[in-house]
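Please treat every number below as a calculation from the coordinates, not as lab data. Small disclaimer: the values here were computed from a predicted structure and weren't measured. In this analysis, Cβ positions are derived from the backbone assuming ideal geometry, glycine residues included, and neighbour counts consider all displayed protein chains.
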Amino acid sequence: AMHVVKPARRLSHDGRPSGWGNTSDIEDVPADLRVVSLLPSATEIIGALGIRERLVGCTHECDACPDEWGMQAALAAGVRRVTSSAIDPHVTTQRDIDAAVNEHAATAAKREVDAARGATAAASGNDEGDPPLYSVDNELVAELKPTVILTQSLCKVCAVSEDDLKGAAASCGLHSDAPATLTEVGASIENIAAACGVPQRGKRARERFEAQLAEVAGAVAGARSSGKCGVRPSVLLLEWLDPVFDGGHWVPGMMRVAGCEPSLNSKEGSRSSRREWSDVTAVDPDVVLVACCGFDLRRNAADAAAALAVNNGDNPFARLRAVRMGRCFVLDGNKYFARPAPALAVGAALVARCAHDGDEIVVAALESLSFYPDCAKLDDSRNLAWARVEGAGAQTTELNNLL
């Protein structure tokens, strides 16, 4: 069975989580600032800096600035989407997405080798007509006349990178970042602010992000010092189910903030790794979190249900202790785990909420945090924070109620 928990926190009057704070009185914004964000996390940060009105372009995936309401307001004000993808993740299975990404990566790698050798596409057998994984409308970008373009160099299969711009940034400032740890995410917030000419806003936003992480750690530590919280639970976050990938980069750091020990990938900053189900069953963690990259709660719930239904009776996922004991959860991986942005602090709170489920003191402390997500108020299921997976047998009917 799957149960959806809807915490009762409210949003501020203007629709922003109350933990965002106010940056408008810190410093003036450069009058000529025009920002094109080629990264959903950067778009979220632009909103957190209080400079949403200076955003002129974003990606097809951007959905928060710093939240859904801010993004809707930005689009209504004329912000243009300047990218597209060859893959529609909403209608494609995880296995097919993985295969397509691998094919694109192999093609790109071969082209780089051929280019280094001076070989032409025809001679190497490549089809230059193959669409790239991500496409940038460079003509539209030029039309928007940005003074700053924000992109990334961390992962070419996750978002638009510098290589996709094809000279579109020649006449403006190009800022590229590759944060891999929570500390680096904080620094990235400041770096983006500095690139936009609002360093003091960046300093305030970073301080707020790091303070929220400290509040999560304090909520759990307070219960532990009172003797109400037991040993640190081992937690495995699954970033992908088919094939299996564990959570990398900042995810192990989020788990430690949440008072947990990461399973399999324990080094913060290291990349997500492909695993076999035998690796997962070997560690058999106390808690399993399904927060697949780029997917909201609805999609992760559907994919978890499908994974549990495979080979009924001999399913390694279903045999996990966490699944059998009701300590497997699905979460909104897109919003709270995949992006190096302030919402990772909320993700850490959700890790703690799931991992320490049943501990009333910890739960109460977490749900009292000002930035804990308001899920009771929202009608759209994409905004639900997390849900429990219980058992592997009769969950499908109740999942359909959620979906």
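Summary table
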| read-out | value |
| --- | --- |
| Equivalent ellipsoid dimensions for the range 183-302 as semi-axes, Å, which come from the Cα gyration tensor, largest first | 28, 21, 12 |
| Sites Val231 and Arg117, calculated FRET efficiency, Cβ-Cβ separation with R0 41 Å, nearest 0.05 | 0.15 |
| Principal axis box of the range 241-338, alpha-carbon based, largest edge first, Å | 36, 28, 23 |
| Estimated vicinal HN-Hα couplings, Hz - the range 214-221 in sequence order (Karplus 6.51, -1.76, 1.60; Gly, Pro = x) | 5, 5, 4, 4, x, 4, 6, 4 |
| Mean projection area, nm², convex hull over Cα of the range 285-336 | 3.5 nm² |
| Whole-angstrom Cα spans of the range 23-66 along principal axes, big to small | 30, 19, 11 |
